[in-house]
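Worksheet: one structure, shown below.
Just so you know, all these numbers are worked out from the coordinates, no wet-lab data involved. A quick note: this is a predicted structure, and the numbers were derived from the prediction, not measured. Don't worry about glycine lacking a Cβ; one is built from the backbone with ideal geometry, like all the others, and counts go over all protein chains shown.
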Amino acid sequence: MNRQRVSTEHAPNPAGHYSQAIIAHGVLYTAGQTPHHPTTWELVGTTIEEQTEQAMRNIAAVLESCGSDFSQVVKATVHLQNPARDFAGFNETYQRFVSDPYPARTTVGSELGDFLVEIDVVALCPERTSAALIGSSPHPD
């Protein structure tokens, strides 16, 4: 299997030893995207709607960097700091980015520190030859 790392300056850089995303066999797997500004790492917004908007914009940037978009997302995993309080506001904002057929989705409560939402997605990535693809490392199947 050939894995390729994806990186874009239009989404926050990883804060640890992980990639913004990895492509394997034409499928993109993103790291959790948070509501932080791509260059300053400042938290964007105080409401679940504002923070979801920024997290989704960060996901869009990663998707676009490899020629994909939200229409290619097949699975989303959503972490909410307070699902009982924030699910409706999150869902209202989320639905502006996705369309039918909607991605499969799991939403869970998580300890997120000072932000309210974190989202990762799995998407088809039709254009594997993008400037954003930084490196590849062969791994046996």
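Quick look at the values:
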quantity: Over the chain, relative contact order from alpha-carbon pairs under 8 Å, at least 6 apart, %; calculated: 36 percent
quantity: Dimensionless Rg/Rh of region 8-66 - Kirkwood Rh, Rg from C-alpha atoms; calculated: 0.98
quantity: Unit charges at the beta carbon, dipole of the chain: most positive-side option, THR46, LEU124, PHE90; calculated: LEU124
quantity: Of THR34, PRO12, CYS66, farthest towards positive along the dipole that unit charges on Lys, Arg, Asp, Glu beta carbons give the chain; calculated: CYS66
quantity: Estimated 222 nm signal from helices in the chain, with DSSP H stretches of n ≥ 4 weighted -39500 (n - 2.57), rounded to 500; calculated: -7000 deg cm²/dmol
quantity: Charge dipole magnitude, Cβ of K and R +1, D and E -1 - the chain, Cα centre, debye nearest 20; calculated: 420 debye
quantity: Gain in span if fully extended, ALA15 to ASN2, counting 0.36 nm per residue against the direct Cα distance; calculated: 2.2 nm
quantity: Using alpha-carbon coordinates, inclination of helix 83-94 to the longest axis of the chain, degrees; calculated: 60 degrees
quantity: Under the Karplus curve 6.51 cos²θ - 1.76 cosθ + 1.60, θ = phi - 60°, whole-Hz ³J(HN,Hα) for region 109-118, x wherever Gly or Pro sits; calculated: x, 8, 6, 10, x, 8, 10, 9, 8, 9
quantity: Distribution of pairwise C-alpha distances over region 2-138, 5 Å bins, in %; calculated: 2, 11, 22, 24, 20, 13, 6, 2, 0
